[in-house]
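Here the structure comes first, spelled out in structure tokens, and everything after it is commentary.
The values are calculated or read from the model by the stated rules, or taken from the named source; none is laboratory data. The model shown is predicted, which means the values in this text are computed figures rather than measured ones. When we count neighbours, we look across all protein chains shown, and the Cβ atoms used for this are built from the backbone with ideal geometry, even at glycine. Accessible surface areas use protein heavy atoms only, side chains included; no ligands, DNA or RNA. Shrake-Rupley method; radii C 1.70, N 1.55, O 1.52, S 1.80 Å.
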Amino acid sequence: NAGVTQTPKFQVLKTGQSMTLQCAQDMNHNSMYWYRQDPGMGLRLIYYSASEGTTDKGEVPNGYNVSRLNKREFSLRLESAAPSQTSVYFCASSSQGGNTEAFFGQGTRLTVV
Amino acid sequence: GENVEQHPSTLSVQEGDSAVIKCTYSDSASNYFPWYKQELGKRPQLIIDIRSNVGEKKDQRIAVTLNKTAKHFSLHITETQPEDSAVYFCAASKGTAGKSTFGDGTTLTVKP
């Protein structure tokens, strides 16, 4: 089992460029999440998907969109990147939403210049 | 929404000493409280969790206590070792359709 896999691991974008962060899990989990982690701050939820076919905004959704492509895959899109979106992004999944352990991907370090 | 506060933000202890990290939460409906450890450059990983129907849980050198009335929970690490050095996050959540709210993290340094 690979667990939760994110691509890419590193990315540099110019302001205004767009990109999609990919996430896939092979644990048959229902729920998936995207977090961002900034220095000195915890993990802030961007969007989540409680189950296949549903998505909801988290704490910091502005500037992002998501797609729950199927049960395995949950992608995060930046339509027009801004320097304020420079961060480390983590995808996570859990079997039963907020009631169970979240398994994290290895993270994507994104720099917007 | 849920608000989780975590203290202290940094903690330095001598090897062999105990370390305690405290969190408070605001939503009395929260019922699941996990703790994650994140080593430098790595992903967060669960080290222990507790549910609202339990007051304390232990796993070797790690324990978590929960006070539902006061809405706070704590992580206790005994006999600390240098490999315990990391950032520790608490979180609170509720329901199967919900999501976890994280504290801002505590950077623990264990000096040999």
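What would the Debye equation give as log₁₀ I(q)/I(0) for the stretch B:32-83 at q = 0.20, 0.21, 0.25, 0.27 Å⁻¹, counting only Cα atoms as equal point scatterers?
So the normalised log intensities are -0.74, -0.79, -1.00, -1.09.
Cut-off 10 angstrom, C-alpha nodes, Gaussian network model of chain A. Which of A:TYR89, A:TYR33, A:TYR64 fluctuates the most?
Its mean-square fluctuation being the largest, the pick is A:TYR64.
Using only alpha-carbon positions, what ratio does the radius of gyration of chain A give when scaled by 2.2 N^0.38 Å?
Scaled against compact globular proteins, the figure is 0.99.
Hey, if you drop one equal point scatterer on each alpha-carbon of the protein assembly as shown and run the Debye formula without solvent, what base-10 log of I(q)/I(0) do you get at q = 0.15, 0.18 Å⁻¹?
Taking Cα atoms of the protein assembly as shown as identical point scatterers yields -0.98, -1.31.
Heavy atoms only, 1.4 Å probe, whole protein assembly: order A:LEU43, B:LEU11 by accessible area, highest first.
Solvent-accessible surface, decreasing: B:LEU11, A:LEU43.
Could you rank B:THR10, A:THR5 by how accessible they are, 1.4 Å probe, largest area first?
B:THR10, A:THR5
Please give every one of the lysines within straight-line cross-link reach of B:LYS22, meaning a C-alpha to C-alpha distance under 25 Å, and leave out same-chain neighbours fewer than 8 residues apart.
Cα-Cα hits under 25 Å: B:LYS37, B:LYS42, B:LYS57, B:LYS58, B:LYS68, B:LYS71, B:LYS94, B:LYS99, B:LYS111.
Give, rounded to the nearest 20 debye, the magnitude of the charge dipole that chain A has about its Cα centre when Lys and Arg contribute +1 at Cβ and Asp and Glu contribute -1 at Cβ.
260
With a 1.4 Å probe on protein heavy atoms only, work out how much accessible surface B and A bury together, total over both chains, in Å² to the nearest 100.
Chain pair B/A: roughly 1800 Å² of buried accessible area.
Running Debye on the stretch A:74-113 with equal point scatterers at the Cα sites and no solvent, what base-10 log of I(q)/I(0) appears at q = 0.23 Å⁻¹?
Values, matching the q order: -0.81.
Can you tell which of B:ASN67, B:SER12, B:TYR36 lies farthest toward the positive end of the dipole of chain B, using +1 and -1 charges on the Cβ of basic and acidic side chains (Lys, Arg; Asp, Glu)?
Towards the positive end, the residue furthest out is B:ASN67.
Calculate the mean, over all residues of peptide B:37-50, of how many other protein chain Cβ atoms lie within 10 angstrom of the residue's Cβ.
Mean shielding count: 3.
Excluding ligands, DNA and RNA, what is the solvent-accessible area per residue of the protein assembly as shown at a probe of 1.4 Å, expressed in Å²?
I get 47 Å² per residue for this part.
Over every pair of different alpha-carbon atoms in the stretch B:50-110, take the mean of 1/r and invert it; report that Kirkwood radius in Å.
About 13.1 Å for the stretch B:50-110.
Assuming R0 = 25 Å, what is the FRET efficiency of B:ARG61 and A:GLN106, from their Cβ-Cβ distance, to the nearest 0.05?
So, using R0 = 25 Å, E works out to roughly 0.40.
Can you give the charge dipole size of the protein assembly as shown about its Cα centre, rounded to the nearest 20 debye, using +1 on the beta carbon of Lys and Arg and -1 on the beta carbon of Asp and Glu?
400
Return the Rg/Rh value of chain B, two decimal places, where both radii are evaluated on C-alpha atoms and Rh is the Kirkwood radius.
Looking at chain B, the ratio lands at 0.96.
Taking +1 at the Cβ of each Lys and Arg and -1 at the Cβ of each Asp and Glu, which of A:MET41, A:PHE90, A:VAL112 sits farthest along the dipole of chain A towards its positive end, judged by Cα position relative to the Cα centre?
Value: A:VAL112.
B:ARG51: net charge of surrounding residues, Cβ under 14 Å, Lys/Arg +1, Asp/Glu -1, itself excluded?
Here the count lands on 0.
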